[in-house]
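Input: a single structure, listed below in structure tokens.
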Amino acid sequence: MIWGANYHICQVEGEGVPIKMTRVGDKLVYTESDSGPEFSFNCKLEFSLHDNKLTISDSNFDCSNWVFTCGARVGLDGVELPKVSQTCPVSD
């Protein structure tokens with residue numbers, strides 16, 4: 001789940017199951033498309049890890065607009081999530 005402006009969210013999930021992704025080089029890729037007579041889309045969502053950051057790419061915005069639940073002020077393209085070091089709290 002990605003939080004955007006005004007608490008809009010974008011949620012990447014399947015219908016109760018994890019989304020199926022394919023490894024392409026050093027990326028994990030999710031694809032979904034439809035070429036109906038009145039409406040078509042071509043979602044290609046890419047996840048890559050570089051410099052301790054997970055980067056998400058949705059270059060044509062079809063994943064954000066037509067496949068996943070994304071609010072008006074949030075998208076998936078260009079999202080970078082840095083790796084953080086955290087420890088579990090220890091109770092005294």
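What the table below lists for this structure:
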read-out	value
Residues located in region 27-74, provided they are assigned to a strand (DSSP E or B) and among the hydrophobic types (A, V, I, L, M, F, W, C)	L28, V29, F41, C43, L45, F47, L49, L54, I56, C70
L45 surrounded by 19 or more Cβ atoms within 10 Å (Cβ to Cβ) and touching a residue at least 12 places away in the same chain (Cβ under 8 Å)	yes
Candidate set: region 75-92, residues that are under 10 Å from the mean Cα position of the chain (by Cα) and assigned to a loop (DSSP other than H, G, I, E, B); chosen: the one surrounded by the fewest Cβ atoms within 10 Å (Cβ to Cβ)	G78
Close pairs (9 angstrom Cβ cut-off, 6 or more residues apart or separate chains): modelled with pLDDT of 75 or more in region 1-27, surrounded by 14 or more Cβ atoms within 10 Å (Cβ to Cβ) and assigned to a helix (DSSP H, G or I) anywhere	C10/S64; V12/C63; V12/V67
Residue count for region 1-36, restricted to those that are in contact with a helix residue (DSSP H, G or I) (Cβ under 9 Å, 6 or more places away or on another chain), under 15 Å from T55 (Cα atoms) and either exposed (fewer than 12 other Cβ atoms within 10 Å of the Cβ) or of a type in the set (D, E) (or both)	0
Residue count, region 48-59 (criterion: surrounded by fewer than 14 Cβ atoms within 10 Å (Cβ to Cβ), closer than 21 Å to V74 by Cβ and either out of contact with any Lys or Arg (no Cβ under 8 Å at 6 or more places or on another chain) or polar (S, T, N, Q) (or both))	1
Enumeration of residues in region 1-26 that are among the hydrophobic types (A, V, I, L, M, F, W, C) and part of a strand (DSSP E or B)	I2, W3, I9, C10, V24
Breaking point among (1) surrounded by 14 or more Cβ atoms within 10 Å (Cβ to Cβ); (2) modelled with pLDDT of 85 or more, for S40	(1)
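The values are calculated or read from the model by the stated rules, or taken from the named source; none is laboratory data. In this text the structure is predicted, and so the values were computed from the model without any measurement. Every residue, glycine as well, gets a Cβ built from its backbone with ideal geometry; the counts of neighbours run over all protein chains shown.
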